[in-house]
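Colleague: Next up is a structure, given as structure tokens.
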Amino acid sequence: MTLAYPQLFAPLKAAHLTLPNRILMGSMHTGLESMKEGPGKLAAFYAERARGGVALIVTGAFSPTLEGSLGPWRETMMDTTDRERHRAIPQTVHDAGGRILLQLLHGGRYCKRADAVAPSPLKAPINSVTPRELAGAEVAQTVDAFARAAALAREAGYDGVEIMGSEGYLITQFLCLRTNQRRDEWGGSLENRMRFAVEIVRRVRERCGRDFVLQYRISVLDLVEGGLTGDEIVQLAQAVEAAGADLLNSGVGWHEARIPTIAHAVPRAAFAWATRRVKQAVGIPVIASNRINAPELAEAILARGDADMVSLARPMLADPEFANKAKAGDRMAINICFACNQACLDEIFDGRIAGCVVNPRACRETELQYLPARRKKRIAVVGGGPAGLSCAAVAAERGHAVTLYERSGQLGGQFNLAKRVPGKREFGESVAYFAERLRRAGV
């Protein structure tokens, strides 16, 4: 079989694992993490992507300490209660043939909690809470907490962890003069500011052994004043590699940065050059991320040598079968994410469960199940906008005889207006996808 994307589907050695392809499902907040029934819902969510062919999955964020949780709720991996609560997630993913890492993230000054802590007592411009400065002993205790959390993740059945060291969270806050004004061994020189990140990686490796994937999320571009320079980022990457990391995953920009990094106006794969700079300086696999939403983009990144692997987060909301379809060379069948951020990020910021504008099942896999119809019907769907297209496709795929009525000369509804706006041309990808899906379903 000749592959349409041979670089994308070449195996990759990652620590003790051999991954079947170069596609990582990147971490996303879903809102399911803190729900009572969250583990079961997350297990179904991730398992569907594992069955869809993705090589490696990274969960949403879980903190090694309570004060590191991003909100007033508990989203942690800090004790045996958390460990037992998580067991169903990696087990279900493994049963589906996948591999999964737990992301460990301490929010630092981004935490919307009264007990928020940080390297220095500096309030973030996107948060109303002023954090308390960590004492030196507390910094060491936080390092221990990361190592303990990783060990608990291993016991829960995860294949490894991703240490979140980008986007402006606690580890990043220690790294940069913008947020670290300390005068002890954790601040001042670059070596001192890197100590927190390096010690976390070293302690996790020491605690969990070599047969456990340790992925570090590194900010390849900070995009804020007082952030790391390109040369400093390279030094950090080399130090993290020496401390025991198996893979480096790219992060781009702090959350408080004024430069967009994932919106539809950002060109596709716009930051791959920054990942390449890190890749050239280390000997472990490096992963590119941000606005990579189509297999031909991923293939080009790998072919150029910009990265060893690609991370797709929101594209996995849009189409959990992305990898399988790309492997089959069925590009027209992929439901492309066009970076609208409306049902994923906007919902999370409003305290609701994430979703996807073009995939109603995203994060609702245990509730919205499209089963074969027991009694087949003749169904008329009036209107060929996004909702009508989705309705008609699902009904036909369930076995109903569907006729779609649209008074205009084209499908897509208001998406046809949206795609005319500069920077929103990708809305047309969704129209083409649904038109092809309807054709195949016989609508």
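Colleague: Looking only at helices (runs of 4 or more DSSP H) that fall completely inside segment 333-434, which ones have 3 or more residues that are within 30 Å of GLY40 (Cα to Cα) and modelled with pLDDT of 95 or more?
Modeller: Numbers: elements: 345-349, 386-397, 415-418.
In segment 333-434, the matching helices (runs of 4 or more DSSP H) lie at 386-397.
Colleague: Run down ASP222, ASP159, ASP231 and say which single residue is charged (D, E, K, R), within 19 Å of GLY60 (Cα to Cα) and assigned by TED's automatic domain parsing to the domain that holds THR261.
Modeller: Values: ASP222 fails: within 19 Å of GLY60 (Cα to Cα); ASP231 fails: within 19 Å of GLY60 (Cα to Cα).
Exactly one of ASP222, ASP159, ASP231 is charged (D, E, K, R), within 19 Å of GLY60 (Cα to Cα) and assigned by TED's automatic domain parsing to the domain that holds THR261, namely ASP159.
Colleague: What is the one condition in (1) within 16 Å of the chain's Cα centre (by Cα); (2) in contact (Cβ under 8 Å) with a residue 12 or more places away in the chain that ASP346 does not satisfy?
Modeller: Answer for ASP346: the failing condition is (2).
Colleague: Are any residues in segment 294-318 surrounded by fewer than 24 Cβ atoms within 10 Å (Cβ to Cβ) and not in a helix (DSSP H, G or I), and if so, which ones?
Modeller: Across segment 294-318, the qualifying residues are ALA294, GLY305, ASP306, ASP308, ALA313.
Colleague: Okay, next question. Consider only pairs whose beta carbons are under 8 Å apart and that are at least six residues apart or on different chains; among these, list those whose first residue lies in segment 113-127 and is farther than 21 Å from VAL143 by Cα and whose second residue is of a type in the set (D, E, K, R) and in a loop (DSSP other than H, G, I, E, B).
Modeller: What qualifies is ALA124/GLU256; PRO125/GLU256; ILE126/GLU256; ASN127/LYS112.
Condition check ((1) in contact with a strand residue (DSSP E or B) (Cβ under 6 Å, 6 or more places away or on another chain); (2) more than 27 Å from ASP159 (Cα to Cα); (3) among the acidic types (Asp, Glu); (4) surrounded by fewer than 20 Cβ atoms within 10 Å (Cβ to Cβ)) across all residues:
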{"site": "GLY209", "(1), (2), (3), (4)": "no, no, no, yes"}
{"site": "ILE218", "(1), (2), (3), (4)": "yes, no, no, no"}
{"site": "ALA242", "(1), (2), (3), (4)": "no, no, no, yes"}
{"site": "HIS255", "(1), (2), (3), (4)": "no, yes, no, yes"}
{"site": "ILE259", "(1), (2), (3), (4)": "no, yes, no, yes"}
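Colleague: Restricting to segment 151-208, what's the tally of residues that are of a type outside the set (A, V, I, L, M, F, W, C), within 28 Å of VAL93 (Cα to Cα) and within 22 Å of the chain's Cα centre (by Cα)?
Modeller: Total satisfying the criteria: 10.
Colleague: Ok, one more. Can you tell me which residues in segment 234-260 are out of contact with any Gly (no Cβ under 9 Å at 6 or more places or on another chain), in a helix (DSSP H, G or I) and within 30 Å of LYS112 (Cα to Cα)?
Modeller: Residue satisfying the conditions is ALA237 alone.
Colleague: Still on this structure, please answer the following. Given the condition over 26 Å from the mean Cα position of the chain (by Cα), of a type in the set (Lys, Arg) and over 21 Å from MET28 (Cα atoms), answer yes or no: does some residue in segment 125-143 qualify?
Modeller: Among the residues of segment 125-143, at least one is over 26 Å from the mean Cα position of the chain (by Cα), of a type in the set (Lys, Arg) and over 21 Å from MET28 (Cα atoms), which makes the answer yes.
Colleague: Just give me the residues in segment 261-285 being free of Cβ contacts under 8 Å to residues at least 40 places away in the same chain and surrounded by 22 or more Cβ atoms within 10 Å (Cβ to Cβ), in sequence order.
Modeller: ALA269, ALA272, LYS279, listed by residue number.
Colleague: Right, something else. Which members of segment 1-37 meet the condition of being of a type in the set (Ser, Thr, Tyr) and in contact (Cβ under 8 Å) with a residue 24 or more places away in the chain?
Modeller: Taking segment 1-37 as the starting set, the residues that turn out to be of a type in the set (Ser, Thr, Tyr) are 2, 5, 18, 27, 30, 34.
Those that are of a type in the set (Ser, Thr, Tyr) and in contact (Cβ under 8 Å) with a residue 24 or more places away in the chain: TYR5, SER27, THR30, SER34.
Colleague: Which ones in segment 111-141 are in contact with a Phe, Trp or Tyr (Cβ under 6 Å, 6 or more places away or on another chain) and in a helix (DSSP H, G or I)?
Modeller: Correct list: VAL139 only.
Colleague: Determine whether segment 370-378 contains at least one residue that is touching a residue at least 24 places away in the same chain (Cβ under 8 Å) and buried (at least 17 other Cβ atoms within 10 Å of the Cβ). Let's see the steps before the verdict.
Modeller: Looking only at segment 370-378, we keep the residues that are touching a residue at least 24 places away in the same chain (Cβ under 8 Å), and these are 370-373, 376-378.
Then keep just the ones that are buried (at least 17 other Cβ atoms within 10 Å of the Cβ); that gives none.
No - not one qualifying residue is present in segment 370-378.
Colleague: Would you call ARG83 charged (D, E, K, R), in contact (Cβ under 8 Å) with a residue 40 or more places away in the chain and surrounded by 21 or more Cβ atoms within 10 Å (Cβ to Cβ)?
Modeller: no
Colleague: Tally up the residues in segment 1-37 that are closer than 21 Å to GLY97 by Cα and either outside any loop (DSSP other than H, G, I, E, B) or in contact with an Asp or Glu (Cβ under 6 Å, 6 or more places away or on another chain) (or both), please.
Modeller: Within segment 1-37, residues that are closer than 21 Å to GLY97 by Cα and either outside any loop (DSSP other than H, G, I, E, B) or in contact with an Asp or Glu (Cβ under 6 Å, 6 or more places away or on another chain) (or both) number 12.
Colleague: While we're looking at this one, here's another question. Looking only at residues that are within 17 Å of the chain's Cα centre (by Cα) and in a loop (DSSP other than H, G, I, E, B) in segment 319-332, which one is farthest from ILE262 (Cα to Cα)?
Modeller: GLU321
Quick grid of which residues meet (1) of a type in the set (S, T, N, Q); (2) touching a Leu at 6+ places or on another chain (Cβ under 8 Å); (3) not assigned by TED's automatic domain parsing to the domain that holds MET28:
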residue	(1), (2), (3)
GLU133	no, no, no
GLN141	yes, no, no
ALA145	no, no, no
ALA150	no, yes, no
GLY168	no, no, no
THR179	yes, yes, no
ASN192	yes, no, no
ARG195	no, no, no
VAL213	no, yes, no
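The values are calculated or read from the model by the stated rules, or taken from the named source; none is laboratory data. Bear in mind that the values here come from a model prediction, so they are computed numbers and not experimental data. For neighbour counting, all protein chains shown are included, and Cβ atoms are generated from backbone atoms with ideal geometry for every residue, glycine included.
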